[in-house]
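The structure appears right after this line, and notes come after that.
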Amino acid sequence: MKSELFGQNLEKSGDGVLSLQNPRMLKARLDSSELLARQGAMVAYQGQVEFAYEGAGGVGRFLKKALTGEGVPLMRCRGTGDVFLAQDANELHVLELDGDAGVTVNGANVLAFEPGLTWDIRRVEGASALSGGVFNMVFSGTGRLVISAFGTPVVLNTGEAPTFADLQSAVAWSSSLQTRLVRTAGASALIGRGSGEAFQLAFSGTGFLVVQASEGPVVPTHSHGNSGGSGLFG
């Protein structure tokens, strides 16, 4: 059988633990090691790999997650082999934290990270329950973190000018930045997908902000039937 498929899309070998096979698929090479990943993100694996539900990681984070709904439903991948991860064909980016700076990520954009990283759930200052989407995950320490973005993102330098982003479009930013919620009354038809008032995150300080090319796909409302259930793999 002949096809360009077999030339351009063959699995790529790499020495790193985490490597991008293409802009939308990640390969994690486990060598008797572990990785934390979003439940449902595994699309294939090779070798002897086990998957287990990962709790919130401590009473404090568990209570925050229960109250806010934020955070990522995680699974722990362990063993020896290769695990392939993806999220709705979104574009993936590997961030390497070296211990000198933290990064804050919208929970919806976290795909996977090495267990050596420290993480917590934080609330955006000035946010209320009415604004929604205002609890994020903060990572620090040394290790790799993989984030997803709907479309190709842009990285803004927040030190150059006052910077604002839609709540669903802000993917990740320097944890050293000060954030607050601002609202534009009557602009809901012009900004975002809300109703009544449009909320944005305001960033101040020197650092970076990653903004995705869309607020993300619209999920249609539907009712769940009695069949089936949710698991670790989607």
Item to complete: May I ask you to say which residue of Val154, Val124 is over 22 Å from Val17 (Cα atoms) and modelled with pLDDT under 95?
Response: Val124
Worksheet item: For the subset of segment 38-48 comprising residues that are modelled with pLDDT of 95 or more and under 25 Å from Ala108 (Cβ atoms), which member is surrounded by the fewest Cβ atoms within 10 Å (Cβ to Cβ)?
Response: Ala44
Worksheet item: Are any residues in segment 15-51 among the charged types (D, E, K, R) and touching a residue at least 24 places away in the same chain (Cβ under 8 Å), and if so, which ones?
Response: Arg24, Lys27, Arg29, Asp31, Glu34, Arg38, Glu50
Discussion item. Please go through (1) modelled with pLDDT under 65; (2) surrounded by fewer than 16 Cβ atoms within 10 Å (Cβ to Cβ); (3) hydroxyl-bearing (Ser, Thr, Tyr) for Ser33 and return the number of the only condition it doesn't satisfy.
Written reply: (1)
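The values are calculated or read from the model by the stated rules, or taken from the named source; none is laboratory data. Source: prediction; values computed, not measured. Every residue, glycine among them, receives a Cβ derived from its backbone with ideal geometry; neighbour counts consider all protein chains shown.
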